[in-house]
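Remarks on the structure that follows.
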Amino acid sequence: MKFIKKLILSLFFLLLLAACAVGGHFVWQGYQIYQQVIQETPLADKVEEIRSKPHYTTISQLPEIYKNAVVAVEDKRFYRHGGIDLLSTGRAVVTNIREKKLAEGGSSITQQLAKNLYFSQEKKFLRKVAELFVAFDLEKNYSKDEILELYLNTIYFGSGYYCVYDAAEGYFGKEPGQMNDFESTLLAGIPNAPSVYALTNKPELAAQRQRTVLECMVDQKYLTSDDAKEILKWGEQAKQAMAGETEIQ
């Protein structure tokens with residue numbers, strides 16, 4: 001009996017060592033990719049490139065409800081983690097093991113910004129590892145508000161809109177700072193799946209996503225249930241007004 005216990009314990013440690021060795025190898029390879037992209041274009045240069053683009057929108061030019069909506073639905077622990085949300089990552093790992101593929105990323109806003117700055121949208125494990133090192137650099141060198149600002153100026157909103165300014169102007173005919181609560185919460189949901197939720201594609205799906213955004217905001221105390229209902233009510237009244245049925249209250 002003791003021999004069997006020793007054998008099982010030995011096998012467990014061998015498997016643990018093998019897993020550590022394989023994991024270490026992947027981390028090293030991911031680090032090499034990170035080093036390569038950083039050497040080609042330093043992070044500060046990438047950030048300056050984004051900030052110099054036409055229609056770059058600063059965090060102060062965005063409605064508070066829009067910023068809250070993005071954080072609530074995309075990365076609710078954004079202001080509390082150091083670049084990686086371990087709870088979301090753990091959930092994603094379980095999902096990926098179950099699906100036997102990278103079905104879910106569990107990426108924080110910082111990781112998504114890292115991907116937008118340096119990497120393709122393709123889900124590859126080594127790219128995800130490299131992305132983590134860029135995320136750590138971002139958290140070390142920039143404030144949370146700066147990271148959120150850069151993120152909102154690099155994400156895709158569907159219909160050919162690659163920043164928040166172009167999306168607000170294209171979908172609503174106004175600058176981001178002029179968006180009302182309904183438009184802000186509607187726009188916040190689109191980047192999750194731009195090809196699905198783009199307002200020029202299937203607005204009914206975008207509306208479903210908006211309800212998810214509002215549920216997240218209520219759950220995280222950004223809004224009350226009554227606030228969320230009023231926002232949706234305003235949207236319905238706006239639709240009716242456009243159809244010439246009534247005036248917006």
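Quick one: would you say S159 is polar (S, T, N, Q) and at negative phi? Step through it out loud before you land on a result.
On the way: polar (S, T, N, Q): yes; at negative phi: no.
Judged against the criteria, S159 is not a match.
The helices (runs of 4 or more DSSP H) found wholly in region 146-234 and carrying at least 2 residues that are open to solvent by less than 40 Å² (accessible area, probe 1.4 Å) and at pLDDT 95 or above occupy 164-172, 181-188, 203-219. Scan (1) at pLDDT 95 or above; (2) surrounded by 11 or more Cβ atoms within 10 Å (Cβ to Cβ) for the single condition Q29 breaks and write down its number. Looking at each condition in turn, Q29 falls short on (1).
Every condition in (1) modelled with pLDDT under 95; (2) touching an Asp or Glu at 6+ places or on another chain (Cβ under 9 Å); (3) in a helix (DSSP H, G or I) holds for G83 except the one numbered (3). Residue count for region 108-120 under the criterion of being open to solvent by 30 Å² or more (accessible area, probe 1.4 Å) and under 23 Å from K76 (Cβ atoms): the result is 3. Scanning region 32-48 for residues that are open to solvent by less than 70 Å² (accessible area, probe 1.4 Å) and part of a helix (DSSP H, G or I) yields I33, Y34, Q35, V37, I38, L43, A44, K46, V47. Sub-6 Å Cβ pairs linking a first residue in region 67-85 that is touching a residue at least 24 places away in the same chain (Cβ under 8 Å) to a second residue that is open to solvent by 30 Å² or more (accessible area, probe 1.4 Å) and not in a loop (DSSP other than H, G, I, E, B), at least 6 apart or interchain, are A72/C216; V73/C216; Y79/K144; G82/E139; G83/F136; G83/E139, ordered by first then second residue. Among the residues of region 129-145, those that are open to solvent by 40 Å² or more (accessible area, probe 1.4 Å) and over 26 Å from L187 (Cβ atoms) comprise L132, F133, F136, K140, N141. Of all residue pairs spaced 6 or more apart or on separate chains, those with beta-carbon atoms under 7 Å, a first member in region 31-57 that is over 23 Å from G173 (Cα atoms) and a second member that is open to solvent by less than 70 Å² (accessible area, probe 1.4 Å) and of a type in the set (D, E) are L43/D137.
The values are calculated or read from the model by the stated rules, or taken from the named source; none is laboratory data. In this text the structure is predicted, and so the values were computed from the model without any measurement. Heads up, the Cβs are rebuilt from the backbone with ideal geometry, glycines too, and the neighbour counts pull from every protein chain shown. Protein only, heavy atoms only, side chains kept; ligands, DNA and RNA dropped before computing areas. Shrake-Rupley method; radii C 1.70, N 1.55, O 1.52, S 1.80 Å.
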